[in-house]
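To start, the structure under review is shown below, and the notes come after it.
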């Protein structure tokens, strides 16, 4: 009887000692796992061949970088893509059936695609992760209009996009094994974990997708329990279950999320303990707002156009070869000028402009026997133009080239003299302009540029005919520098060089006349 009692006690003690673990393991096998959670159980991933539109210049190094990243990954194993599998990788997000074919033929739970497009504004890179039995895209990371073009730069951007994509996964790790309360997970100090860290174990209940694009928008999770770590390695951690919803519900394959909470600073409270929500009633409001606080609003960038008001001084010289054996010239080295220009932006590409300029000064009359000895002269310039901006980046205020067309009239009006030395002359014609503007750097708010005007068959009219016919030419170009003071104000300096010349046939008074102007302007631009 005593032997029977001792034997029964031994069997009972053995049952008690093993029953929690055995019950947990048995019960864990009966735990309900949602379809969404099963779809996200990624063990192996296949890399679909990368595509580009430049003959593989960027596709090959980008695919090599992704392959290295996946080989280094401690959570996913890389599967080989079958060489004989014919699919259109650039349109997989529109063909779930082809995604299913890729996953089934490679025995993988996920597929990663990448495509690179080089366009006029830069390079665009897109990574897409497909997960699940339905063949739908889960996550997508993209980079648009990237200005770099070196292979090393593209590989760095691909690495960054991959890291961002993986960080957006709705969990960080999975439970690799469980023995009693002790568990192992495939996440370690590389994520910032350390001994005594706590992680939550969750189950993905539902994936909320975009109604059209089908990408994951958010997930619904159920917290199954919590694990406290006692040993942490770079890519692996060991801990024990502190709490769980049901015995054994935390099992191999359960999803892990480190405890990430929003942290706030210590609030300001009243003597009664009430938290002050309105900062304007706090004791330190003067430090935050100052004596006369005003609401801050961001400054809207200019959208409609700009106006320039400039003044300057220049050198003016007029030369005339008379029919008498004499050549005359008049000049002024300090001729004042006022210039007003306006530009209306119809859209980021098309624009219209207006040009107004006026100058008044005097020149010497050095023709023998002619009077008066000094002649008053004025120069008036009026024009309209329209053109197209070729933006070299996606920034309207960045580097750009301009091509335009317009009509310009320049009037040289001079006092009469006896005998006549100089005549008033009006030059006009259609022109084509080419211009460019380039910022020095992102740190220096200075733009430099230039402009060249080509006149097509310009015409000239004269107050007194110097000949029976004339052939006129106009050359005009300028260089400028803009300094950005504020969002809407710039300081501009501009050097303008112009030459107007006419040759007369059947000369009665002069055989040729030329006007040369070199003017240095300075002024402001207002952008609105």
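Readers should treat all values here as calculations from the given coordinates under stated rules, not as data from a laboratory. None of these values were measured; they are calculated from a predicted model. A quick note on method: Cβ atoms are made from the backbone with ideal geometry, for glycine too, and the neighbour counts reach across all protein chains shown.
Below, the figures for the structure above:
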{"item": "Equivalent-ellipsoid semi-axes of region 305-527, from the Cα gyration tensor, Å, largest first", "result": "37, 18, 13"}
{"item": "Helix-only CD estimate at 222 nm, as mean residue ellipticity for the chain, using -39500 (n - 2.57) per DSSP H run (n ≥ 4)", "result": "-5000 deg cm²/dmol"}
{"item": "Computed log₁₀ I(q)/I(0) - Debye formula, equal Cα scatterers, no solvent, region 214-255, q 0.17, 0.31, 0.35 Å⁻¹", "result": "-0.62, -1.12, -1.24"}
{"item": "Average projection area in nm² (convex hull over Cα atoms of region 80-154, one quarter of hull surface)", "result": "5.7 nm²"}
{"item": "Convex hull volume of region 439-528 per residue (C-alpha atoms, cubic angstrom)", "result": "124 Å³"}
{"item": "Taking 463, 108, 373, 197 and counting other C-beta atoms within 10 Å, the order from fewest to most", "result": "373, 463, 197, 108"}
{"item": "Fewest-first sequence of 266, 113 by Cβ atoms within 10 Å of each Cβ", "result": "266, 113"}
{"item": "FRET efficiency for residue 508 and residue 390, using Cβ-Cβ distance with R0 set to 35 Å, rounded to 0.05", "result": "0.15"}
{"item": "Distance between modelled label sites at residue 424 and residue 164, nm, 7 Å Cα→Cβ extension", "result": "6.5 nm"}
{"item": "Additional length obtainable on full extension of the chain from residue 272 to residue 223, 0.36 nm per residue less Cα span", "result": "14.0 nm"}
{"item": "Residue 311 versus residue 38: modelled label distance in nm, points set 7 Å from Cα along the beta carbon direction", "result": "8.3 nm"}
{"item": "Extended-chain gain in nm, criterion 0.36 nm per residue less alpha-carbon gap, residue 452 and residue 354", "result": "33.6 nm"}
{"item": "Per-residue Cβ neighbour rank within 10 angstrom, fewest leading, 237, 142, 468", "result": "468, 142, 237"}
{"item": "Translational diffusion coefficient (Stokes-Einstein; Kirkwood radius from C-alpha pairs) of region 398-479 at 10 °C, 1.306 mPa s, in µm²/s", "result": "102 µm²/s"}
{"item": "Measure of compaction for region 42-198 (Cα Rg per 2.2 N^0.38 Å)", "result": "1.13"}
{"item": "Alpha-carbon Rg/Rh ratio, for the chain, with Rh computed the Kirkwood way", "result": "1.27"}
{"item": "Relative contact order [Cα under 8 Å, 6+ residues apart], region 41-167, whole percent", "result": "27 percent"}
{"item": "Percent antiparallel among DSSP beta bridges (both partners in the chain, rounded to 5)", "result": "95 percent"}
{"item": "As computed over region 306-423, the Cα convex hull volume per residue (Å³)", "result": "123 Å³"}
{"item": "Relative contact order (%) - criterion: Cα under 8 Å, at least six apart; region: region 427-528", "result": "24 percent"}
{"item": "Label-point separation in nm, residue 212 to residue 67, each point 7 Å along Cα→Cβ", "result": "3.7 nm"}
{"item": "Antiparallel bridges, percent of DSSP beta bridges restricted to region 41-167 (to nearest 5)", "result": "70 percent"}
{"item": "Nearest-0.05 FRET efficiency for residue 117 and residue 246, computed from C-beta distance (R0 60 Å)", "result": "0.75"}
{"item": "Förster-model FRET efficiency, 45 Å R0, residue 434 and residue 86, C-beta, rounded to 0.05", "result": "0.35"}
{"item": "Computed over region 305-527: relative contact order in percent, which uses C-alpha pairs under 8 Å that are six or more apart", "result": "20 percent"}
